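In what follows, a single structure is set out as structure tokens and then discussed.
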């Protein structure tokens with residue numbers, strides 16, 4: 001998520017997380033309430049009561065922590081502004097593409113950061129590949145209708161035409177490894193020699209487990225992104241964190 005010239009609510013990211021994942025939070029709340037009522041009203045073995053209490057506590061704490069961390073990451077951290085992207089290139093990219101799955105809040109920031117460049121925004125959503133209910137709900141509530149619909153298997157970008165490709169919180173939505181590899185191969189094909197792809201993702205690691213609980217399984221481990229980069233012929237030029245929960249990989253196409 002990002003900020004551009006237009007003012008935005010300081011809670012926009014948090015509210016979007018709640019909207020897109022409303023059924024999950026509602027089910028968690030209902031299950032927690034039912035468990036608490038069972039603990040209070042029903043006789044049960046002590047071991048079962050302890051197990052139920054631990055489960056309720058974990059569910060409530062993880063729901064709260066996921067919202068607090070999301071608010072920090074998307075509404076309060078440097079990630080909100082994206083100005084740190086300017087330092088990832090020796091020269092501002094003249095031609096760049098931004099790929100997303102229907103929800104894009106970075107195009108305005110990218111156009112502001114690289115005003116002399118020509119940008120293309122592609123919506124690579126594929127309902128057969130991207131099956132999470134939250135992304136379907138996000139598209140229904142906040143679809144970016146200005147983007148060009150594109151098949152991730154055959155991006156509508158000429159060979160060696162892009163100085164930069166931005167893949168921000170989108171690649172993990174492709175749940176099959178072979179589909180992710182195809183996307184990375186297409187990005188490598190479209191990049192000019194020395195061009196760079198910027199991948200921004202949460203990782204399936206201990207930090208995101210502490211923040212999001214079992215929800216961290218929706219993310220992918222760092223080794224998967226490194227595997228995809230290597231298989232597509234891209235080299236890692238830089239890696240850093242924006243907050244402890246978001247990893248950025250700057251990948252370069254070999255000359």
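Taking every DSSP beta bridge that has both residues in the chain, what percent is antiparallel when rounded to the nearest 5?
Once the DSSP bridges in the chain are tallied, antiparallel ones form about 40 percent.
Once fully extended, how much extra length lies between residue 68 and residue 134, figured as 0.36 nm per residue of separation less the alpha-carbon to alpha-carbon distance?
On the way: separation 66, 0.36 × 66 = 23.76 nm, distance 1.85 nm.
Going from the current span to full extension adds 21.9 nm.
Given a Förster radius of 22 Å and the C-beta distance between residue 141 and residue 54 as r, what FRET efficiency does 1/(1 + (r/R0)^6) yield to the nearest 0.05? Intermediate values should be presented prior to the final figure.
Working: r = 34 Å, r/R0 = 1.57.
Efficiency computed from Cβ-Cβ geometry: 0.05.
Would you kindly state how much longer the chain becomes between residue 160 and residue 22 on full extension, computed as 0.36 nm times their sequence separation minus their alpha carbon distance, in nm to one decimal? Working shown, then result.
On the way: separation 138, 0.36 × 138 = 49.68 nm, distance 4.17 nm.
Taking residue 160 through residue 22 to full extension adds about 45.5 nm, to one decimal.
Would you mind telling me the antiparallel percentage of the DSSP bridges in the stretch 160-255, rounded to 5? Working shown, then result.
Numbers: 14 of 21 bridges.
The antiparallel proportion sits near 65 percent.
May I ask for the distance between the Cα centers of the stretch 128-161 and the stretch 95-111, given as a whole number of Å?
If we compute the Cα centre of each part, the gap is 11 Å.
Relative contact order of the chain, please, whole-number percent, based on alpha carbon pairs below 8 angstrom and at least 6 residues apart. Each step should come with its number before you reach the end.
On the way: 401 pairs, mean separation 45.5, N = 255.
It rounds to 18 percent for the chain.
How much length is gained if the chain between residue 209 and residue 61 is pulled fully straight, taking 0.36 nm per residue apart and subtracting their Cα-Cα distance, in nm to one decimal? Walk me through the intermediate numbers first.
Values: separation 148, 0.36 × 148 = 53.28 nm, distance 1.22 nm.
Contour length minus Cα-Cα distance gives 52.1 nm.
Diagonalise the Cα gyration tensor of the stretch 12-76 and give the resulting equivalent ellipsoid semi-axes, square root of 5 times each eigenvalue, largest first, whole Å. Show your work: numbers first, answer last.
Details: eigenvalues 177, 29, 8 Å².
Over the Cα atoms of the stretch 12-76, the semi-axes work out to 30, 12, 6 Å.
Working from Cα positions, state the angle (0 to 90°, nearest 10) between the long axis of helix 177-190 and the longest principal axis of the chain.
Taking the Cα atoms of the chain, the angle to 177-190 is about 30 degrees.
For every helix of n ≥ 4 consecutive DSSP H residues, a contribution of -39,500 (n - 2.57) applies; sum these over the chain, divide by its total residues, and give [θ] at 222 nm rounded to the nearest 500 deg cm²/dmol.
Details: 8 runs with 103 residues, N = 255.
My calculation for the chain gives -13000 deg cm²/dmol from helical runs alone.
Please state, as a whole number in µm²/s, the translational diffusion coefficient that the Stokes-Einstein equation yields for the stretch 145-255 at 37 °C and 0.692 mPa s, with Rh defined as the Kirkwood radius across alpha carbon pairs. Let's see the in-between values first.
Details: Rh = 14.4 Å.
For these conditions, the coefficient is 227 µm²/s.
Taking the Cα centroid of the stretch 70-86 and of the stretch 217-240, what is the distance between the two, rounded to the nearest whole Å?
21 Å
Report, to the nearest 10°, how far helix 133-142 tilts away from the longest principal axis of the Cα atoms in the chain, using its own Cα long axis and a range of 0 to 90°.
60 degrees
Return one number: the angle in degrees, 0 to 90 and rounded to the nearest 10, between the long axis of the Cα atoms of helix 46-71 and the longest principal axis of the Cα atoms of the chain.
Approximately 30 degrees, to the nearest ten.
Tell me the Kirkwood hydrodynamic radius of the stretch 29-178 in angstroms, computed as one over the mean inverse distance between distinct C-alpha pairs. Let's see the in-between values first.
Working: mean 1/r = 0.0531 Å⁻¹.
Over the stretch 29-178, the inverse of the mean reciprocal pair distance is 18.8 Å.
Quick note: the coordinates plus some simple rules give every number you see, no bench work behind them. Computed from a predicted model, the values in this text were never measured in an experiment. Every residue, glycine among them, receives a Cβ derived from its backbone with ideal geometry; neighbour counts consider all protein chains shown.
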